[in-house]
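**Q** Sharing a structure below in structure tokens format, with a few things to ask.
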Amino acid sequence: MLTRRHFIATGAAALVAAPSILRAQSKWRANPFSLGIASGDPAPDGFVIWTRLAPDPLDQHGGMSPDAMPVAWEVASDEGFGIIIAKGEAQARTELAHSIHVELSGLHPDRPYFYRFIAAGQRSGVGHARTLPLTSAGPRDLRFAMSGCQDYQSGYYTAYRHMGEEELAFVFHYGDYIYEYGPDSPAVRQHSSPLISSLDDYRRRYAQYKADSDLQRAHAAHAFFMTFDDHEVRNNWAGDVDDDDGAPPAEVFRLRRQSAFQAWYEHMPVRRRQFPAGSSLQLYRGAHYGNLAAFDFLDTRQYRTNQPCGDGYRVACAEVTSPRAHMITAEEETWLARNLQRRDARWNVVAQQVMMMSLDRRWESEDAPAKLLNLDSWAGYESQRRRLLARMRGLNNIVVLTGDEHTAYAGLLDDRDKAVAVEFVGTSISSDGDGQDIPGWGPKFMANNPELKFINNRRGYMTCDVTRDEWRTNFMVVDKISTPGGTLSKRATWAVAHGEPALREV
Ligand SMILES: [Fe+2]
């Protein structure tokens, strides 16, 4: 067990000393940066840098004593740290699992930067992040990636290893960073603990996931815009409602949500604005990539009404069209509606979690009498979905980005039988295992839903190449994740011309 006296020898002066001295003075028995480093929420003047000290990631407190520990940080304009342009010190406190979040500011727009941390003589690896262009700037192009759904038990994070090699402005994460379940059997690799519900449980689960070296590579290479979906708390939770039959009362579920949110904050490179307040957390927010693209990152989970008709894939009951049912609050809807109307961005990007297309899921119950809806998606909240799509009509610059499905799709969003936007659905990094290009149910699903243009059920991520006149989404897939070392390929590219909500395979 590490104690404070191990670190007394290393004062502030040692923290910025030469590398050889740092190594000699290191008092750690194991690497305190075992969970890697990360950056997030880039802006034109800076971004967040994150780490958590955890020499023994699965032990109580990550192997740390309860004392606070100073962590020095450095930012440089070159990878060799020849020119350090900012440095400082933050306290890693036990109340936040010895995580630190530093919000950098005063940096130049649209530039690469490098960062690292030093704790008690031990230096972290080097991370890279880019600031965004000024909001008033007119960048000609943007390349970013999106990912999510990374069930540790389903396979290796090979896709993240490949993503770490990409040249990207940033990554959008659509949630399911962890899964809450106990060990599966069989599993490619197993969760170390049973179903999680306490703060300590969630912390250890994040520690197990974040110890993965492929995941760490992606975080070290790119700044992420993090959101969450359901599994960061509990499968298919909705607002104050747990998923289960026999679900606890709302006030009891909120305690679990509070623990889950605290652990989420502790492990994500997010700003102080996302610091939890009791059992709530401000998740939805925006970002501008110059005047080329504006992003609205939604929160489709925390404030929604319970899934209608008993959840699952079912024929719609009356609740589906209830005007009281909502996926996002009135406040979030107003914020989004205002943003969609803006004229200062060429593309409007709605970056969120669950599918917005209302598709017929009749591939399992062939004899269902009517369309089967995924009631956990926007299809279960039809009044608000309709209002949103009606607002998109005539704008002709909207791209919706989605996760959750563990299958990649490209499709059209219709308002009264007219396409008003395109939707790209990401697959998963690992959830549901190796997969296949066209699943057995794929052809029937495509035939039932003419708005769907593309399907792929392999694991991977998407990259998006955005210019003023065209948006291209590349579906990057890995051939196998059940063993390490899978190879990456670009399975398809689908393009959208600015001004015309239609999809074309390139
Ligand atoms: Fe998922």
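**Q** Of a type in the set (G, A, S) and over 23 Å from R271 (Cβ atoms): which single residue out of G80, G88, G40, G46 fits that description?
**A** G80
**Q** Could you give every pair whose Cβ atoms fall below 7 Å, whose first residue belongs to the range 235-256 and is more than 23 Å from R203 (Cβ to Cβ), and whose second residue is part of a loop (DSSP other than H, G, I, E, B) and hydroxyl-bearing (S, T, Y), counting only separations of at least 6 or pairs across chains?
**A** So the pair list comes out as A238/T305; G239/Y303; G239/T305.
**Q** Any residue in the range 169-183 that's farther than 15 Å from Y209 by Cα and touching a residue at least 12 places away in the same chain (Cβ under 8 Å): show its pairings with residues that are open to solvent by 10 Å² or more (accessible area, probe 1.4 Å) and within 16 Å of the ligand (Cβ to nearest atom) at Cβ separation under 8 Å, as long as the two are six or more apart or on different chains.
**A** Cβ pairs passing all conditions: Y174/D404.
**Q** Spot the failing condition for R271; the list is (1) charged (D, E, K, R); (2) at pLDDT below 95; (3) surrounded by fewer than 18 Cβ atoms within 10 Å (Cβ to Cβ), and only one is missed.
**A** Checking R271 against (1) charged (D, E, K, R); (2) at pLDDT below 95; (3) surrounded by fewer than 18 Cβ atoms within 10 Å (Cβ to Cβ), the one that fails is (2).
**Q** Continuing with this model, one more query. For the range 384-419, give me the residue count where each residue is open to solvent by less than 20 Å² (accessible area, probe 1.4 Å) and either in contact with a strand residue (DSSP E or B) (Cβ under 6 Å, 6 or more places away or on another chain) or within 16 Å of the ligand (Cβ to nearest atom) (or both).
**A** Residues in the range 384-419 being open to solvent by less than 20 Å² (accessible area, probe 1.4 Å) and either in contact with a strand residue (DSSP E or B) (Cβ under 6 Å, 6 or more places away or on another chain) or within 16 Å of the ligand (Cβ to nearest atom) (or both): 15 in total.
**Q** For residues in the range 426-439 being away from the ligand (no atom under 12 Å from the Cβ) and under 17 Å from E505 (Cα atoms), which is least open to solvent (accessible area, probe 1.4 Å)?
**A** D437
**Q** If a residue must be in a loop (DSSP other than H, G, I, E, B), more than 16 Å from the ligand (Cβ to nearest atom) and over 17 Å from the mean Cα position of the chain (by Cα), how many such residues does the range 132-165 contain?
**A** Of the residues in that region, 11 qualify.
**Q** Taking A293, is it more than 24 Å from W50 (Cβ to Cβ), over 18 Å from the mean Cα position of the chain (by Cα), open to solvent by less than 10 Å² (accessible area, probe 1.4 Å) and within 16 Å of the ligand (Cβ to nearest atom)?
**A** no
**Q** Ok, one more. Considering only the range 256-313, state which residues are in contact with a strand residue (DSSP E or B) (Cβ under 6 Å, 6 or more places away or on another chain), of a type in the set (D, E, K, R) and assigned to a loop (DSSP other than H, G, I, E, B).
**A** Across the range 256-313, the qualifying residues are R271, R304.
**Q** Considering each of A330, A318 in turn, give the residue that is more than 23 Å from G394 (Cα to Cα), open to solvent by 30 Å² or more (accessible area, probe 1.4 Å) and free of Cβ contacts under 8 Å to residues at least 12 places away in the same chain.
**A** When all the criteria are applied, what remains is A318.
**Q** Identify all residues within the range 334-349 that are touching a residue at least 60 places away in the same chain (Cβ under 8 Å) and open to solvent by less than 10 Å² (accessible area, probe 1.4 Å); write none if there are none.
**A** W347
**Q** Output the residues belonging to the range 448-476 that are among the aliphatic types (A, V, I, L, M) and without any contact (Cβ under 8 Å) to a residue 60 or more places away in the chain.
**A** The one that is among the aliphatic types (A, V, I, L, M) and without any contact (Cβ under 8 Å) to a residue 60 or more places away in the chain: I455.
**Q** In the range 101-144, what residues are touching a Leu at 6+ places or on another chain (Cβ under 7 Å) and among the β-branched types (V, I, T)?
**A** Hits for the range 101-144 are I118, T131.
The rows are residues; the columns are (1) aliphatic (A, V, I, L, M); (2) over 30 Å from R111 (Cβ atoms); (3) open to solvent by 10 Å² or more (accessible area, probe 1.4 Å).
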| residue | (1), (2), (3) |
| --- | --- |
| R143 | no, no, yes |
| G148 | no, no, no |
| E166 | no, no, yes |
| E180 | no, yes, no |
| S185 | no, yes, yes |
| R203 | no, yes, yes |
| D214 | no, no, yes |
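**Q** I'm checking my understanding of the structure. Among residues of the range 205-240 that are under 13 Å from I429 (Cβ atoms) and part of a helix (DSSP H, G or I), which one is nearest to the ligand (Cβ to nearest atom)?
**A** So, considering only residues that are under 13 Å from I429 (Cβ atoms) and part of a helix (DSSP H, G or I), the one nearest to the ligand (Cβ to nearest atom) is Y209.
**Q** Taking the criterion of being touching a residue at least 24 places away in the same chain (Cβ under 8 Å) and out of contact with any Phe, Trp or Tyr (no Cβ under 8 Å at 6 or more places or on another chain), would at least one residue in the range 123-132 satisfy it?
**A** no
The values are calculated or read from the model by the stated rules, or taken from the named source; none is laboratory data. Only a predicted model underlies this, so the values are computations on that prediction, with no experimental measurement involved. A quick note on method: Cβ atoms are made from the backbone with ideal geometry, for glycine too, and the neighbour counts reach across all protein chains shown. Remember, those area values only see protein heavy atoms, side chains included, never the ligands or the DNA or RNA. Shrake-Rupley method; radii C 1.70, N 1.55, O 1.52, S 1.80 Å.
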